[in-house]
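> Have a look at this one before I ask anything.
The values are calculated or read from the model by the stated rules, or taken from the named source; none is laboratory data. Note that this is a predicted model, so its numbers are computed, not measured. Note that we place each Cβ from the backbone using ideal geometry, even for glycine, and neighbour counts take in every protein chain shown. Just the protein is used for accessible areas: all its heavy atoms, side chains included, with ligands, DNA and RNA removed. Shrake-Rupley method; radii C 1.70, N 1.55, O 1.52, S 1.80 Å.
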Amino acid sequence: MTTTGKKLVRLDVRGEVCPYPMLKASEAMKKAKGDEVIEVLTDHPPALLTIPNEAVKLGWDVSIQRTASAEWKITLTKSQTPEEGGKV
Amino acid sequence: MMDKVATVPQRKIRLTGQALLGGLALAGAGAVFLLLGHYPQWQLLWVFGLLFGFILQRGRFCFASAFRDLFLMGEARVMRGILAGLAVATPLFTIAMYLRTPTLLPGNYPPGANILPLGFHTAVAGVLFAIGMSMAGGCISGTLYRIGEGYTASIAALAGVMLGFVLLAFTWGFWWQVSVAHSPLVWFPEHLGYSGGMLLTLALIGLAFLGLVWWEHRHRPRLSWAGAAIAEGGNAPVSHGVRGEMRLLLEKVFLRPWPVMVAGAALGVLNAALFLVHHPWGVTGPLYQWMEALWRPLGVYLVPLPPLMGLDQFGGACNPALKPPTAFGLTHDAMLVLGMVAGSFISAALAGEFRVRVPRQRRRYLQSFGGGVLMGYGAALALGCTLGAFFSAIPSLALNGWLFALGLLGGSFLGASLLRRLG
């Protein structure tokens, strides 16, 4: 559980290259019921581009943190207001 | 809207261990340059290789994802970067070719231009190559710069490429008989003049761009661009004064990823510059020479590698048979390949993105190796990879580049569905 009371889903895709980090994150977002926080751990720099891209399309907010040398945590939370034009 | 949607870490210039490593590697690259002092051509290709590797890494410029994501995501972001590169390179290549061959005569082609035999083998090669690059997670140039970034699976992919070359060498006779021998060279300027050929190529690039926009809108609204903008630009800090501006510039060049259109255009200009002083960008030729050099000791005990016969009648930068292999397969062209790996390493380390990456699932090695075999086979059959047979062939105003591209599209469609199944 996170501080906001949402369920935390951890997705470790370290060692995976394109397109897998994005595909797996996408799968997790599509499976989510909306009250989860998804944390994606990756060491693949292109995923910092492809995952936010996919997240925005699906109506999720994105925040990226560098957790170690060449390692990042992407936190995904469902947007309160769906983006116009998105398939939400 | 973007601020609400995402927060991206600020990329600040800091002296980390990695940055230090990158600086050392840069100094080392400079030392190699000085050591090659008596071989200006080696120096030249080393510098070009470093620049190509640097830009590929900064732009995350990946031909495999450009083609694959059209089908996997209905997205053409990277493909737009490629088209930008082609559009920039086309007029510059035209100038380079005009300087070499000002008078157009039938069968008189500018030396070095990637005008390659056009036959159904071109399309087959494109399909095989694209399935391979989808599997391996990167084309041959992608594999090279990934090695520089520390991806161990890419080494398996490169080994696969070498095996693919061997397999093609032993089956070349078949392809020669059924297709290559009676394949024409179709070069637009021969029929339309230089300006006509250039305009036709630019018009085709324009049409391809229109097609991409249509394709994207068919799949999803342009909303996806918000995500790309976030990741590329980050939350740009407001700069103060000259010092702040300079700092921001350094951050943009060395720390943040480059917008893919900028990277594409830069690669297009660099490709044309290389053509003006040497020949267009390509890596299949030098890699094929390495394979030949590796096979030679084996050939004594097993079977000698059959030569790719008949190639002397065709031009092209990626034409392996035109250059006799040296003792270790090291020619000046090898410096281009080595430079790409080194340039990518320097770029990744300076940005703090280098890391020895080992896939958790061991089968990824097999997947990369198998993809590499298909890529190697396809690249040797087409006499070029996504660079030689596509990125350098279309600006050469040759039709073979377009047919190879169609093959790449077909193979990426198959590759994308295969990727979904493999999981």
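> With every protein chain kept in place and ligands, DNA and RNA left out, what is the accessible area per residue of the range A:7-81? Probe 1.4 Å, answer in Å².
35 Å²
> Also: Cα axis of helix B:241-250 to longest principal axis of chain B: angle in degrees, 0 to 90, nearest 10?
For B:241-250 against chain B, the angle is about 40 degrees.
> Ok, one more. Classify the range B:27-147 as rounded, prolate or oblate from the Cα gyration tensor: take a ≥ b ≥ c as the square roots of its eigenvalues, call it rounded if a/c is under 1.5, otherwise prolate when a/b beats b/c and oblate if not.
Verdict is oblate for the range B:27-147.
> For the range B:391-398, just list the computed ³J(HN,Hα) in residue order, Karplus coefficients 6.51, -1.76 and 1.60, θ = phi - 60°, integers in Hz, with x standing in for Gly and Pro.
In residue order, the calculated couplings are 5, 9, 8, 4, x, 6, 6, 10 Hz.
> Around B:G59, which amide H atoms from residues at least 5 apart in sequence, or from another chain, sit under 5 Å from its own amide H, with H modelled in the peptide plane?
HN-HN under 5 Å from B:G59: B:W258.
> Could you please put A:R10, A:R66, B:R68 in sequence from largest to smallest accessible area, using a 1.4 Å probe?
In descending accessible area the options line up as A:R10, A:R66, B:R68.
> Using the Karplus equation 6.51 cos²θ - 1.76 cosθ + 1.60 (θ = phi - 60°), what ³J(HN,Hα) coupling, rounded to whole Hz, does each residue of the range B:290-305 give in order, writing x for Gly and Pro?
Along the range B:290-305, the couplings run 4, 4, 4, 5, 5, 6, 3, x, 5, x, 4, 8, 9, 10, x, 6 Hz.
> Accessible area of the range A:7-81 with a 1.4 Å probe: how many percent of it is carbon plus sulfur? Display every interim value, and only then the final one.
Details: 1340 of 2650 Å².
Whole-percent figure for carbon plus sulfur exposure: 50.
> Give the B-A buried accessible area in Å², both sides summed, 1.4 Å probe, nearest 100. If you can, show how the numbers build up before the last one.
Working: alone 18560 and 5550 Å², together 20570 Å².
The B and A chains share an interface burying roughly 3500 Å².
> Taking θ as phi - 60°, what are the ³J(HN,Hα) couplings along the range A:32-48 by the Karplus curve (6.51, -1.76, 1.60), each to the nearest whole Hz, with x for Gly and Pro?
5, 8, x, 9, 9, 10, 9, 10, 9, 9, 9, 10, 9, x, x, 5, 5
> Still on this structure, please answer the following. Place a +1 charge on the Cβ of each Lys and Arg in the protein assembly as shown and a -1 charge on the Cβ of each Asp and Glu, then give the dipole magnitude about the Cα centre in debye, rounded to the nearest 20.
Dipole size: approximately 1320 debye.
> What spacing in nm lies between the two simple spin-label points modelled at B:H191 and B:L409, each 7 Å away from Cα in the Cβ direction?
1.9 nm
> Next question, about the same structure. Quick one: putting +1 on the C-beta of Lys and Arg, -1 on the C-beta of Asp and Glu, what dipole do you get for chain B around its Cα centre, in Debye to the nearest 20? Intermediate values should be presented prior to the final figure.
Working: 28 positive and 13 negative charges, 293 e Å.
For chain B, the charge dipole is close to 1400 debye.
> Return the equivalent ellipsoid semi-axes of chain B as a descending list in whole Å, where each equals the square root of 5 times an eigenvalue of the C-alpha gyration tensor.
One finds semi-axes of 33, 25, 23 Å for chain B.
> Also: Could you provide, to the nearest whole Å², the per residue accessible area of the range B:60-184 with probe 1.4 Å?
28 Å²
> Hey, another quick one. List the residues whose amide H sits under 5 Å from the amide H of B:Y151, counting only those 5 or more places along or on another chain, with H placed 1.01 Å from N in the peptide plane.
Amide H neighbours of B:Y151: B:R357.
> Two decimals is fine: what is log10 I(q)/I(0) at q = 0.18, 0.24, 0.28 Å⁻¹ for the range B:248-295, from a Debye sum with one equal scatterer on every Cα and no solvent?
Per q value, in the given order, log10 I(q)/I(0) is -0.74, -0.86, -0.95.
> In the Gaussian network model of chain A, springs joining C-alpha atoms below 10 Å, which of A:T77, A:T67, A:T42 carries the largest mean-square fluctuation?
So, out of A:T77, A:T67, A:T42, the one fluctuating most is A:T67.
> Would you report the distance distribution of C-alpha pairs in the protein assembly as shown as whole percents per 10 angstrom bin, up to the bin with the largest distance?
Result, from short to long distances: 4, 19, 30, 26, 14, 6, 1, 0 percent.
> Counting only the backbone N, which residues of the range B:388-423 are under 11 Å from the spot 7 Å out from the Cα of B:T171 toward its beta-carbon?
No residue qualifies, since no backbone N sits under 11 Å from the label point.
> Please report, in debye to the nearest 20, how large the charge dipole of the range A:7-81 is about its Cα centre when each Lys and Arg carries +1 at its beta carbon and each Asp and Glu carries -1 there.
Its charge dipole is roughly 180 debye.
> Please report the carbon-and-sulfur percent of the accessible area for chain B; probe 1.4 Å, protein heavy atoms only, DNA, RNA and ligands left out.
Within chain B, the accessible surface is 73 percent carbon and sulfur.
> Cα gyration tensor of chain A, axes a ≥ b ≥ c as square roots of the eigenvalues: rounded (a/c below 1.5), prolate (a/b > b/c) or oblate?
In terms of gyration-tensor shape, oblate.
> When only C-alpha pairs under 8 Å and at least 6 residues apart count, what is the relative contact order of chain B, in percent?
41 percent
> Would you work out which of B:P40, B:V269, B:I346 lies farthest towards the positive end of the dipole of chain B? Charges go on Cβ: Lys and Arg +1, Asp and Glu -1.
Projecting each Cα onto the dipole axis, the largest value belongs to B:I346.
> Whose amide H sits under 5 Å from the amide H of A:V9, counting only residues 5 or more places off or on another chain, with H placed in the peptide plane?
A:V37, A:I38, A:E39
> Between B:A159 and B:L207, 0.36 nm times their residue separation minus their Cα-Cα distance comes to what?
13.6 nm
> Of the options B:M162, B:L336, B:P259, report the single residue whose Cα projects farthest towards the positive end of the charge dipole of the protein assembly as shown (beta-carbon charges: Lys, Arg +1; Asp, Glu -1).
Looking along the dipole axis, the top candidate is B:P259.
> Quick check: the angle from helix B:152-178's long axis to the longest principal axis of chain B, C-alpha only, nearest 10 degrees?
The answer is roughly 20 degrees.
> Using only the alpha-carbon atoms, how far is helix B:40-58 inclined from the longest principal axis of chain B? Give it as 0 to 90 degrees, nearest 10.
For B:40-58 against chain B, the angle is about 50 degrees.
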